[in-house]
Amino acid sequence: MNTADRAEALARAAAHFPELSPPTARDLLECVRLELGHEEILDGFRPYGGHLSMAVAPRAILHILSGNTPHAAFQTMLRGLLLGSHNLVKFPSGGLEQMENFPDMLPAELASKLECSRRLEEDWPGRAEAWVVFGSDATVAEFRAKCPPRVLFQGHGHRVSLGVVLDDPGLESCALAARDVSLFEQLGCLSPQVIFVAGDARRYAEALAREMERFASASPAPPLPLAVQAEVAHARADWDFLASGDHGVEVWKGAGWTVVHERGDGFPVSPLHRFIFIKPLPDDFPSCLGPLAGCLGGLGIWPAATANAMRFAHAGFSRICPIGRMQDTPFTWHSDSRQNLASLVRWVDFGP
Amino acid sequence: MVQSTNNYAALEAEIARWMAVGGGGFEDWILEAHQFQRAHNTAYRNFCSGFPEPSCWQEIPAVPVSAFKSAGLRSFAEEKTIRTFETSGTTGGSPGRHHFCSLSLYEQAAAQGWAGAGLPSKNVVAIIPDAVGAPHSSLSQMASWLVPPDGFFFNRREELLACLEEADKPVIFGTALAFLDFFEWMNGRRIVLPVGSLAVETGGYKGTRREMPKSDLYGLFQERLGLPPDSVWNEYGMTELSSQFYTNGLGRPHRAPPWARGLVVSPSTGIEVGEGETGILKIFDVANLGSVCAIQTRDLAIRRGQDFELIGRDPAALPRGCSLAADELLS
């Protein structure tokens with residue numbers, strides 16, 4: 001299969017996952033072109049400056065997946081298969097059922113390029129020419145330390161995502177924000193944990209609470225393990241207590257969602273699972289995010305004008321998008337601010 | 001018969017008499033203490049305004065332990081504070097603070113609770129700092145009522161070992177971490193304490209990256225000190241409480257003293273779970289008169305009749321997505 005054939009087959013399989021913003025074949029080939037310069041450059045030598053060049057994919061890529069959100073697994077498998085590599089995919093030990101069925105949707109020739117397991121098979125690290133690792137900083141560091149020097153290493157640590165509402169007198173973004181918060185139970189690296197609001201943040205929080213309830217009515221939160229329920233209950237109790245005193249805190253909650261408006265300094269801790277904080281936008285945003293520097297993921301903004309995006313372009317986010325689209329990443333997204341195909345290939349030049 | 005009073009000292013004295021005599025009346029006394037706190041503790045009164053008046057002890061609004069960080073939870077005038085104990089804390093920020101205008105109920109609860117659990121009062125030694133060395137530690141304060149001044153062996157391991165080798169049925173009191181440090185320091189040395197000796201471990205490994213399953217820790221007690229699991233006790237207590245809960249061996253529930261109760265509630269409904277079911281542990285402690293008697297802990301527990309089997313905080317509860325748990329970052 002050449003690159004175009006793989007793109008076609010992958011797009012057909014990806015279409016089974018509409019909630020994951022599946023790319024079309026065109027999207028996949030466009031990503032190859034954008035990152036590698038030519039759609040067919042993985043298939044043979046193509047003009048490159050005054051000579052010819054070819055991008056050579058790793059023979060095998062080891063993918064380490066932690067966490068239970070499907071995005072990372074989906075995108076990294078698509079990338080590895082699009083490149084034409086053999087892929088050794090270690091799923092989380094607790095499983096990731098949705099993605100573990102992905103090979104069944106591929107034609108045999110592509111399916112044979114996927115080996116998946118919930119455990120790290122003994123020979124996998126030695127077979128791979130590139131390692132792609134998703135997980136906490138500790139997990140990434142652990143694998144980075146084990147990675148042989150000549151093997152490519154791509155680490156993806158955990159991220160915090162935020163929202164900023166600069167001007168929304170009609171509260172038009174609230175329903176969209178509720179979607180961003182609620183999808184994937186807020187466990188994704190692009191799920192907002194705090195939304196900063198210019199103007200009347202309390203009014204925004206109240207309106208968001210109504211939209212969270214509306215979203216939950218249509219898409220109820222799934223049952224949570226008891227220990228997770230307890231963490232959410234603890235967080236609610238903590239903020240309920242603060243709300244009972246003169247702490248500038250107000251809490252709205254319903255079945256499976258919580259909205260907290262709070263005016264204090266610092267970055268509040270969300271237990272996730274549809275638990276969102278609304279804070280007034282400080283004058284020194286985003287420099288007030290000090291402890292989060294280096295861990296920022298996506299920023300949803302409203303209104304999503306380019307001029308507004310420019311205000312935050314140097315803040316450390318890898319993706320700025322309209323509120324309501326935070327979970328809808330295009331395949332060409334620079335995940336973790338890098339080109340994810342280009343960083344995996346090596347180049348061979350031919351010519352004078 | 002409970003007599004309503006607006007006077008802290010008078011109510012404290014009545015509760016002390018009731019605790020000393022023992023017997024029933026828990027519900028009357030905790031409701032009386034609750035009414036007193038509602039009247040005299042502003043932060044708690046504000047919190048209670050969101051709840052109906054309790055008709056039984058289970059309905060008393062329980063503050064989360066974090067309330068001891070964010071509010072001065074006093075049921076007495078601030079200027080009457082004589083001691084403040086602080087939590088060790090694990091995730092930065094300010095510690096929890098438990099203020100006292102009198103230590104007498106705390107002392108009575110500690111001493112009477114220890115004896116009531118069946119723990120001996122003779123030959124008790126501690127491997128934690130004394131109250132002078134750790135003035136903000138409630139555990140050290142409690143130990144000072146149970147251990148004679150020359151019985152503290154914090155960071156004096158060689159002397160502790162010598163003491164244990166000489167002592168007649170000693171009772172060793174300390175944190176799980178302190179015991180673990182001691183066992184590591186022993187570096188393979190072993191002693192066999194006489195039958196009737198006991199160890200009482202408490203706390204966990206707060207503020208450290210170390211942890212060990214309880215069964216492994218109890219295995220070390222057997223291996224290093226010759227103490228079988230049934231001779232090792234666990235004390236469940238908190239800086240935010242005045243009373244303690246005890247159990248011994250593995251897999252047994254913690255028992256409350258007559259003036260306290262544990263209540264295991266569903267995290268989703270807040271209602272008491274059924275027998276053998278797991279939920280969030282709330283503690284109701286009449287001896288906590290100076291602050292708040294009803295506290296929602298961060299621990300999970302299994303309801304075992306009137307007792308509870310402690311599970312603690314479940315690390316599996318941490319978010320498992322690729323969204324960074326902010327407390328992980330901020331810790």
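Counting only residues that are within 12 Å of chain B (Cβ to nearest Cβ) and in contact with a Ser or Thr (Cβ under 9 Å, 6 or more places away or on another chain), segment A:124-154 holds 5 of them. For segment A:273-329, a residue qualifies if it is polar (S, T, N, Q) and over 17 Å from A:Ala198 (Cα atoms), and the qualifying residues are A:Thr306, A:Ser318, A:Gln327, A:Thr329. Within 29 Å of A:Ser136 (Cβ to Cβ), more than 14 Å from chain B (Cβ to nearest Cβ), more than 13 Å from the chain's Cα centre (by Cα) and touching a residue at least 24 places away in the same chain (Cβ under 8 Å) - does that describe any residue in segment A:196-203? Among the residues of segment A:196-203, at least one is within 29 Å of A:Ser136 (Cβ to Cβ), more than 14 Å from chain B (Cβ to nearest Cβ), more than 13 Å from the chain's Cα centre (by Cα) and touching a residue at least 24 places away in the same chain (Cβ under 8 Å), which makes the answer yes.
Let's see how each residue does on (1) within 27 Å of A:Gly294 (Cβ to Cβ); (2) surrounded by 15 or more Cβ atoms within 10 Å (Cβ to Cβ); (3) not polar (S, T, N, Q):
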| site | (1), (2), (3) |
| --- | --- |
| A:Phe143 | yes, yes, yes |
| A:Lys146 | yes, no, yes |
| A:Gln154 | yes, yes, no |
| A:Arg159 | yes, yes, yes |
| A:Val164 | yes, yes, yes |
| A:Leu171 | no, yes, yes |
| A:Ala178 | no, yes, yes |
| A:Val181 | yes, yes, yes |
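The set of residues in segment B:74-101 being crowded, with 20+ Cβ neighbours inside 10 Å and at pLDDT below 95 consists of B:Thr87, B:Gly96. Within the option set B:Glu53, B:Glu32, B:Glu59, being of a type in the set (D, E, K, R), surrounded by fewer than 18 Cβ atoms within 10 Å (Cβ to Cβ) and over 18 Å from A:Ala237 (Cα atoms) holds for one residue only, B:Glu53. Checking the stated criteria, A:Trp131 turns out not to satisfy the condition of being surrounded by 18 or more Cβ atoms within 10 Å (Cβ to Cβ), more than 12 Å from A:Met77 (Cα to Cα), touching a Lys or Arg at 6+ places or on another chain (Cβ under 8 Å) and in contact (Cβ under 8 Å) with a residue 60 or more places away in the chain. Scanning segment A:229-261 for residues that are modelled with pLDDT under 95 and more than 10 Å from chain B (Cβ to nearest Cβ) gives a single hit, A:Gly248.
Listed by first and then second residue, the pairs with beta-carbon distance under 6 Å, at least 6 apart or on different chains, first residue in segment B:260-274 and hydroxyl-bearing (Ser, Thr, Tyr), second part of a strand (DSSP E or B) and surrounded by 16 or more Cβ atoms within 10 Å (Cβ to Cβ), are B:Ser266/B:Gly279.
Scanning segment B:104-133 for residues that are in a loop (DSSP other than H, G, I, E, B) and surrounded by fewer than 17 Cβ atoms within 10 Å (Cβ to Cβ) yields B:Gly118, B:Pro120, B:Ser121, B:Lys122, B:Val132, B:Gly133. Elements of the type strands (runs of 3 or more DSSP E) sitting completely within segment A:207-287 and holding at least 3 residues that are over 20 Å from B:Gly50 (Cβ atoms): these cover A:275-280.
Does any residue of segment B:3-13 turn out to be within 14 Å of chain A (Cβ to nearest Cβ) and under 22 Å from the mean Cα position of the chain (by Cα)? For segment B:3-13, residues within 14 Å of chain A (Cβ to nearest Cβ) and under 22 Å from the mean Cα position of the chain (by Cα): absent. Among residues of segment A:242-258 that are in contact (Cβ under 8 Å) with a residue 60 or more places away in the chain, those with a Cβ under 8 angstrom from a residue that is assigned to a loop (DSSP other than H, G, I, E, B) and aliphatic (A, V, I, L, M), sequence gap 6+ or separate chain, pair up as A:Trp257/A:Ala221. Sub-6 Å Cβ pairs linking a first residue in segment B:116-138 that is closer than 16 Å to B:Leu177 by Cα to a second residue that is at pLDDT below 95 and aliphatic (A, V, I, L, M), at least 6 apart or interchain, are B:Ile127/B:Ala178; B:Ile128/B:Ala178, ordered by first then second residue. Just to be sure, is B:Phe179 over 30 Å from B:Gln37 (Cα atoms), touching a residue at least 40 places away in the same chain (Cβ under 8 Å) and either surrounded by 17 or more Cβ atoms within 10 Å (Cβ to Cβ) or in contact with a Pro (Cβ under 7 Å, 6 or more places away or on another chain) (or both)? So B:Phe179 passes the test. Could you tell me whether any residue of segment A:205-216 is acidic (Asp, Glu), in contact with a Pro (Cβ under 6 Å, 6 or more places away or on another chain) and modelled with pLDDT of 95 or more? Taking every residue of segment A:205-216 in turn, none turns out to be acidic (Asp, Glu), in contact with a Pro (Cβ under 6 Å, 6 or more places away or on another chain) and modelled with pLDDT of 95 or more. Looking across segment B:25-69, the residues that are within 13 Å of chain A (Cβ to nearest Cβ), within 21 Å of B:Leu281 (Cα to Cα) and not in a loop (DSSP other than H, G, I, E, B) come down to B:Tyr44, B:Phe47, B:Cys48, B:Val63, B:Pro64, B:Ala67, B:Phe68, B:Lys69. Among residues that are in a helix (DSSP H, G or I) and touching a Ser or Thr at 6+ places or on another chain (Cβ under 7 Å), A:Leu34 is included.
Give the residue that is nearest to A:Leu208 (Cα to Cα), with candidates limited to residues of segment A:282-308 that are among the aliphatic types (A, V, I, L, M) and either modelled with pLDDT under 95 or surrounded by fewer than 17 Cβ atoms within 10 Å (Cβ to Cβ) (or both). Talk me through it step by step, then tell me what you get.
At the first step, the residues of segment A:282-308 found to be among the aliphatic types (A, V, I, L, M) are A:289, A:292-293, A:296, A:299, A:301, A:304-305, A:307.
This time we only want the ones that are either modelled with pLDDT under 95 or surrounded by fewer than 17 Cβ atoms within 10 Å (Cβ to Cβ) (or both), so: A:289, A:292-293, A:296, A:304-305, A:307.
Values: A:Leu289: 23, A:Leu292: 24, A:Ala293: 27, A:Leu296: 23, A:Ala304: 18, A:Ala305: 22, A:Ala307: 25 Å.
Of everything passing the filter in segment A:282-308, A:Ala304 is nearest to A:Leu208 (Cα to Cα).
Hey, any hits in segment B:207-225 for a residue that's touching a residue at least 12 places away in the same chain (Cβ under 8 Å), surrounded by fewer than 20 Cβ atoms within 10 Å (Cβ to Cβ) and among the small types (Gly, Ala, Ser)? Yes, segment B:207-225 contains at least one residue that is touching a residue at least 12 places away in the same chain (Cβ under 8 Å), surrounded by fewer than 20 Cβ atoms within 10 Å (Cβ to Cβ) and among the small types (Gly, Ala, Ser).
Within the bounds of segment A:164-185, is there any residue that is of a type in the set (Lys, Arg) and assigned by TED's automatic domain parsing to the domain that holds A:Gly264? Break it down into steps so the answer makes sense when it comes.
Taking segment A:164-185 first, the residues of a type in the set (Lys, Arg) are A:179.
From the residues that got through so far, the ones that are assigned by TED's automatic domain parsing to the domain that holds A:Gly264 too are A:179.
Yes: one or more hits.
The values are calculated or read from the model by the stated rules, or taken from the named source; none is laboratory data. Please read all numbers here as calculations on a predicted model, not as lab measurements. FYI the Cβ positions are ideal-geometry reconstructions off the backbone, even for glycines, and counts take in every protein chain you see.
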